[in-house]
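The values are calculated or read from the model by the stated rules, or taken from the named source; none is laboratory data. Just so it is clear, the structure is predicted and the values come from calculations on it, not from any experiment. Glycine also receives a Cβ, built like all others from the backbone with ideal geometry; neighbour counts cover every protein chain displayed.
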Number of protein chains: 2
Amino acid sequence: MSKILTKRSEDYSQWYNDTVLKSGLADYSAVRGCMVIKPHGYALWENMRDVLDAMFKATGHSNAYFPLFVPKSLFEAEEKNAEGFAKECAVVTHYRLKADPNNKGKLIPDPEAVLEEALVVRPTSEAIIWNTYRNWIQSYRDLPLLINQWANVVRWEMRTRLFLRTAEFLWQEGHTAHATREDAEAETLRMLDVYATFAEEYMALPVVKGVKTPNERFAGAEDTYCIEALMQDGKALQAGTSHFLGQNFAKAFEVKFLTKENRQEYVWATSWGVSTRLVGALVMAHSDDDGLILPPRLAPVQVVIIPVYKGPDSKPEIDAKCDEMAAAMRTKGIRVKIDNDENTRPGWKYAEYELKGMPIRIAMGLRDMANGVVELARRDTKEKSLVPLENIENYVAGLLVDIQHQMYTRALKFRNENTRTADTWEEFTTMLDATPGFISAHWDGTPETEEKIKELAKATIRCIQLNNPLEDGKCILTGNPSKQRVLFARAY
Amino acid sequence: MSKILTKRSEDYSQWYNDTVLKSGLADYSAVRGCMVIKPHGYALWENMRDVLDAMFKATGHSNAYFPLFVPKSLFEAEEKNAEGFAKECAVVTHYRLKADPNNKGKLIPDPEAVLEEALVVRPTSEAIIWNTYRNWIQSYRDLPLLINQWANVVRWEMRTRLFLRTAEFLWQEGHTAHATREDAEAETLRMLDVYATFAEEYMALPVVKGVKTPNERFAGAEDTYCIEALMQDGKALQAGTSHFLGQNFAKAFEVKFLTKENRQEYVWATSWGVSTRLVGALVMAHSDDDGLILPPRLAPVQVVIIPVYKGPDSKPEIDAKCDEMAAAMRTKGIRVKIDNDENTRPGWKYAEYELKGMPIRIAMGLRDMANGVVELARRDTKEKSLVPLENIENYVAGLLVDIQHQMYTRALKFRNENTRTADTWEEFTTMLDATPGFISAHWDGTPETEEKIKELAKATIRCIQLNNPLEDGKCILTGNPSKQRVLFARAY
């Protein structure tokens, strides 16, 4: 079978698009910058959602749902937030279409149905939510208020990319309210930890936890924390953010509460989110020139069983054995699929499931069956082996754990090998071009220098790592004194 | 505690709003016609979604996600569908806001950022989905294509009502493609059955399955099937619809497939949906003047345990027993919550959980504990009894099944008592005013008569029941001959 994907070494970006499209994760749509998430991609997102949702609930959060539309006047209320998102907002201005008098069968927005106040399609929901919280919070007894929302949001990006940057995307956004600064700060970091745990334990994706520079903060936040991951091409990808919003939104929306001491005070806030971008991160971090490699804990199907018939007589016997094996695996909680479609040959199926990234493939033929074994192939290493049929469910359960672990270990090794330190501008720029990855370097702490570095080297400060050791040094660009290194990279 | 809800007998409509708002299901929002689904309401919707989702998957469907926006030209493609929804569409015309030059701090849609083609916020997704299916379907091997989407949709309704009719609502929409008319028709009825099973077995809500008259069909459908339920005020509520779309969308979007016989043919289609409206149906069908009554199979919390302390010394002992009891129930899969908040009194809690509709409340005090019993109150009948602590988890598990069953039986009895036959216009109109409910009556089969009846009596034909017996009779309005009775009601 000929290779159907562009090779990573030839054109990484094209390889990514090929992989997403041909593995059935997503498709382009008729709407500029929006994509269709296909069943395989959506099943992956569902698994991510379910795990994250359970983690949010375990940390005391409840789900709710707020309107898609934000009236313009509310959107304007928190000035920095409005400024930050105004340039990429889809705006609803009419509430009706009517027949076009000049063009039979066509419709136009009805000029008599112009909204009194334009509605912004939410790019994020702080405004609509904090306007609601004003009515929900009166006293310290109402705090903390810990709410999450699963929703679609729209940001009119000019350059889009499947999963990584789309005009509409799916995400979750947590919005919490607290009585004290300390409590809100602790929540911000707690949710950052939840994201890091999810990335590492489920996505098999090592991440750096850090805080953004003021330049890179969420519009309206006092501090933005993030998890940053490294992709196979050495570019960084921001995989999740958690914002400490201070009292900015409480002040913009007049959300006060009565303290135990009977004083009126503004509420403290956080917000945090991850999106379908994580699906893109998963692809870019793990997959290869033959297609997806999915971590077992998130793979919609963990084991695919392919019967290899030898003439029609062999079918009932082989099918029965496949069913038995699948049933035994299901009792262990393994997600297994039997593909006994007779219209496609086993070889075609092997390639197809490689493309789709199923962690384990089992082929079951008559001869193997007679010998009490099956041929098992793992997707991550491509190793094939003959495995005894007896108690195969235990073997497979253990192997899935092992694959998950090895995928993480491999990604961690890659990241460690591609995290370097640079002490001069030349070192820094040479590294960026020759061996891209994270570069730990000194920066003088000014927004101007940060901007200049971005302009000259196309690299940004991804974050200042949490618990970053202090170290005297000189800024790679200006030579001015610096107290700590920060993490640079070219990024998605 | 004084009653906080308007009584049903005083003002049913106000009672409904009071119940939804004060039980914490939903809240009004700053956006006209849109509501906020609060944590209690969302948890209920999540339970509904999870059950339905499993039923869809068990019948072979996969989830996917399609864009929120429909380009105007696609929206126009299926003419009847476009006509049907044009009058209630939110339309995006701009993709950017800019600072208002005449009003500091305010924003306006940027006149330089007008979309070349207006985007309709999906009121339903046939157009965007069938435009995509054209690329996914080439041959009979690609069929059937069985896809479902969980999404938000927007219909700019003029008169809105919490859950029952909101401008934005959450729903699922199934969109399937088939090789033959028969296959598509079978799918339409299969999903109608799924909805009926869900309503009856989970919502404890008896429904009538039927087909809509041509007047009441979904715009673009050849046949619309529905499930209809009766609310406590005798009004009917359409709880779900399943549409046989014929080849209308395939023709509008040129979706053809190669048959086994090597011919190009248009694909056959269905679509089907239920929405957050079901939450409203649940409230209206079961609840009483003290608040919600939730069926156990969908209740976010099935059992609430309230410790009744007698001085601080009793707390550790009572808490330990509550924890033990809760743990035992959880092993049976029972959703249980302990409310040991010391800031509110037990009496307040009793009323609060009555309002919120938890099926079973258990109060645990020292004396009862010493006697090896607890006080248990069921929400549906308000009966209280002393129940032995030993193996209480088994008792509770059985009682939850019993409550579910009795709620259904009661609703069925109510519906049967409120389904009548009328043979004359006078009987018909008198019944509608005096004893509203379903009325089975003869109709001459013309859209004109149907319209006239609606105008005169404010009642609509809810459906023609499946397997409706043929019976000669005379139309209640015109006296013209009729071959069968149809089901009328005033409706939400």
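Residue under question is A:Gly60, and the condition is that it be surrounded by fewer than 21 Cβ atoms within 10 Å (Cβ to Cβ), assigned to a helix (DSSP H, G or I) and not acidic (Asp, Glu); does it hold?
Working: surrounded by fewer than 21 Cβ atoms within 10 Å (Cβ to Cβ): yes; assigned to a helix (DSSP H, G or I): no; not acidic (Asp, Glu): yes.
Spelling it out, it is not the case that A:Gly60 is surrounded by fewer than 21 Cβ atoms within 10 Å (Cβ to Cβ), assigned to a helix (DSSP H, G or I) and not acidic (Asp, Glu).
Picking from B:Val301, B:Val336, which residue would you name as being more than 19 Å from B:Val373 (Cα to Cα), within 30 Å of the chain's Cα centre (by Cα) and either assigned by TED's automatic domain parsing to the domain that holds B:Ala370 or among the β-branched types (Val, Ile, Thr) (or both)?
Values: B:Val336 fails: more than 19 Å from B:Val373 (Cα to Cα).
Going through B:Val301, B:Val336 in turn, the sole match is B:Val301.
A quick yes/no check of all residues on (1) under 18 Å from the mean Cα position of the chain (by Cα); (2) surrounded by 20 or more Cβ atoms within 10 Å (Cβ to Cβ):
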| site | (1), (2) |
| --- | --- |
| B:Arg161 | yes, no |
| B:Arg165 | yes, no |
| B:Glu168 | yes, yes |
| B:Thr176 | no, yes |
| B:Ala179 | no, yes |
| B:Glu182 | no, no |
| B:Ala186 | no, no |
| B:Met203 | yes, yes |
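Does A:Ala167 fit the bill of being touching a residue at least 40 places away in the same chain (Cβ under 8 Å), more than 9 Å from chain B (Cβ to nearest Cβ) and of a type in the set (A, V, I, L, M)?
no
Residue under question is B:Val120, and the condition is that it be within 29 Å of B:Pro295 (Cα to Cα), modelled with pLDDT of 95 or more and surrounded by 18 or more Cβ atoms within 10 Å (Cβ to Cβ); does it hold? Show your work before the answer.
Working: within 29 Å of B:Pro295 (Cα to Cα): no; modelled with pLDDT of 95 or more: yes; surrounded by 18 or more Cβ atoms within 10 Å (Cβ to Cβ): yes.
For B:Val120, the condition - within 29 Å of B:Pro295 (Cα to Cα), modelled with pLDDT of 95 or more and surrounded by 18 or more Cβ atoms within 10 Å (Cβ to Cβ) - is not met.
Does segment B:100-126 hold any residues that are small (Gly, Ala, Ser) and facing chain A (nearest Cβ under 9 Å), and which are they? Walk me through how you get there before you give the answer.
Quick first cut of segment B:100-126, residues small (Gly, Ala, Ser) only: B:105, B:113, B:118, B:125.
Matches in segment B:100-126: B:Gly105, B:Ala113, B:Ala118.
Exactly one of (1) over 26 Å from B:Pro109 (Cβ atoms); (2) out of contact with any helix residue (DSSP H, G or I) (no Cβ under 7 Å at 6 or more places or on another chain); (3) without any contact (Cβ under 8 Å) to a residue 40 or more places away in the chain; (4) facing chain B (nearest Cβ under 8 Å) is unmet by A:His94. Its number?
A:His94 satisfies all of (1) over 26 Å from B:Pro109 (Cβ atoms); (2) out of contact with any helix residue (DSSP H, G or I) (no Cβ under 7 Å at 6 or more places or on another chain); (3) without any contact (Cβ under 8 Å) to a residue 40 or more places away in the chain; (4) facing chain B (nearest Cβ under 8 Å) except (1).
Which residue pairs have Cβ atoms closer than 6 Å, lie 6 or more positions apart in sequence or on different chains, and pair a first residue in segment A:129-151 that is of a type outside the set (A, V, I, L, M, F, W, C) with a second residue that is assigned to a helix (DSSP H, G or I)?
Hits for this filter: A:Asn131/A:Leu74; A:Asn148/A:Phe56.
Among the residues that make up segment B:143-155, is at least one of them over 28 Å from A:Ala64 (Cα atoms), within 12 Å of chain A (Cβ to nearest Cβ) and either in contact with a strand residue (DSSP E or B) (Cβ under 8 Å, 6 or more places away or on another chain) or modelled with pLDDT under 95 (or both)?
Filtering segment B:143-155 for residues over 28 Å from A:Ala64 (Cα atoms) gives B:143-146.
Then keep just the ones that are within 12 Å of chain A (Cβ to nearest Cβ); that gives B:145-146.
Narrowing the set further to residues that are either in contact with a strand residue (DSSP E or B) (Cβ under 8 Å, 6 or more places away or on another chain) or modelled with pLDDT under 95 (or both) leaves B:145-146.
Scanning segment B:143-155 turns up at least one residue that is over 28 Å from A:Ala64 (Cα atoms), within 12 Å of chain A (Cβ to nearest Cβ) and either in contact with a strand residue (DSSP E or B) (Cβ under 8 Å, 6 or more places away or on another chain) or modelled with pLDDT under 95 (or both).
Out of (1) under 18 Å from the mean Cα position of the chain (by Cα); (2) surrounded by fewer than 23 Cβ atoms within 10 Å (Cβ to Cβ), the odd one out for A:Lys251 is which?
(1)
Report, by residue number, each residue of segment A:414-429 that is β-branched (Val, Ile, Thr) and within 17 Å of A:Ala236 (Cα to Cα). Step through it out loud before you land on a result.
Let us first name the residues in segment A:414-429 that are β-branched (Val, Ile, Thr), namely A:419, A:421, A:424, A:429.
Once the filter is applied, which keeps residues that are β-branched (Val, Ile, Thr) and within 17 Å of A:Ala236 (Cα to Cα), segment A:414-429 yields A:Thr419, A:Thr421, A:Thr429.
Is segment B:286-300 home to any residue that is surrounded by 22 or more Cβ atoms within 10 Å (Cβ to Cβ), in contact with a Gly (Cβ under 9 Å, 6 or more places away or on another chain) and assigned to a helix (DSSP H, G or I)?
Scanning segment B:286-300, I find at least one residue that is surrounded by 22 or more Cβ atoms within 10 Å (Cβ to Cβ), in contact with a Gly (Cβ under 9 Å, 6 or more places away or on another chain) and assigned to a helix (DSSP H, G or I), so the answer is yes.
Say we look at segment B:19-29 and pick out the residues that are surrounded by fewer than 19 Cβ atoms within 10 Å (Cβ to Cβ) and over 18 Å from the mean Cα position of the chain (by Cα); which of these is farthest from B:Thr160 (Cα to Cα)?
B:Lys22
Listed here are the residues, each with its yes/no results for (1) within 12 Å of chain A (Cβ to nearest Cβ); (2) of a type in the set (A, V, I, L, M, F, W, C); (3) assigned to a helix (DSSP H, G or I).
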{"site": "B:His40", "(1), (2), (3)": "yes, no, yes"}
{"site": "B:Leu44", "(1), (2), (3)": "yes, yes, yes"}
{"site": "B:Asn47", "(1), (2), (3)": "yes, no, yes"}
{"site": "B:Leu52", "(1), (2), (3)": "no, yes, yes"}
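Here is a check on your reading of the model: is A:Asn131 within 7 Å of chain B (Cβ to nearest Cβ), buried (at least 23 other Cβ atoms within 10 Å of the Cβ), in contact with a helix residue (DSSP H, G or I) (Cβ under 9 Å, 6 or more places away or on another chain) and within 23 Å of B:Arg96 (Cα to Cα)? Let's see the steps before the verdict.
Numbers: within 7 Å of chain B (Cβ to nearest Cβ): yes; buried (at least 23 other Cβ atoms within 10 Å of the Cβ): yes; in contact with a helix residue (DSSP H, G or I) (Cβ under 9 Å, 6 or more places away or on another chain): yes; within 23 Å of B:Arg96 (Cα to Cα): yes.
It is true that A:Asn131 is within 7 Å of chain B (Cβ to nearest Cβ), buried (at least 23 other Cβ atoms within 10 Å of the Cβ), in contact with a helix residue (DSSP H, G or I) (Cβ under 9 Å, 6 or more places away or on another chain) and within 23 Å of B:Arg96 (Cα to Cα).
So which strands (runs of 3 or more DSSP E) are wholly in segment B:365-468 and hold at least 1 residues that are touching a Gly at 6+ places or on another chain (Cβ under 8 Å), among the basic types (Lys, Arg) and surrounded by 14 or more Cβ atoms within 10 Å (Cβ to Cβ)? Write out each step before concluding.
Numbers: elements: B:373-378, B:384-388, B:419-421, B:438-442, B:460-465.
Strands (runs of 3 or more DSSP E) meeting the threshold: B:419-421, B:460-465.
Could you name every one of the strands (runs of 3 or more DSSP E) located completely within segment B:207-267 that has at least 2 residues being of a type in the set (Phe, Trp, Tyr)? It would help to see each step written out before you state the result.
On the way: elements: B:208-211, B:223-230, B:236-246, B:256-258, B:264-266.
Qualifying strands (runs of 3 or more DSSP E): none found.
A quick yes/no check of all residues on (1) closer than 16 Å to A:Gly365 by Cα; (2) free of Cβ contacts under 8 Å to residues at least 40 places away in the same chain:
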position: A:Leu298; (1), (2): no, no
position: A:Lys310; (1), (2): yes, no
position: A:Asp313; (1), (2): yes, yes
position: A:Pro316; (1), (2): yes, yes
position: A:Asp319; (1), (2): yes, yes
position: A:Asp323; (1), (2): yes, yes
position: A:Arg335; (1), (2): no, yes
position: A:Asn343; (1), (2): no, yes
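For segment B:301-334, which positions are touching a Pro at 6+ places or on another chain (Cβ under 9 Å) and part of a helix (DSSP H, G or I)?
Once the filter is applied, which keeps residues that are touching a Pro at 6+ places or on another chain (Cβ under 9 Å) and part of a helix (DSSP H, G or I), segment B:301-334 yields B:Ser314, B:Lys315, B:Ile318, B:Asp319, B:Lys321, B:Cys322.
Only residues that are touching a residue at least 60 places away in the same chain (Cβ under 8 Å) and more than 17 Å from A:Glu201 (Cα to Cα): list them for segment A:36-58, please.
Result: A:Ile37, A:His40, A:Gly41, A:Ala43.
Out of segment A:63-75, which residues are assigned to a strand (DSSP E or B) and within 7 Å of chain B (Cβ to nearest Cβ)? Working first, answer last.
First, pick out the residues of segment A:63-75 that are assigned to a strand (DSSP E or B): A:63, A:65, A:69-71.
The answer is A:Asn63, A:Tyr65, A:Phe69, A:Pro71.
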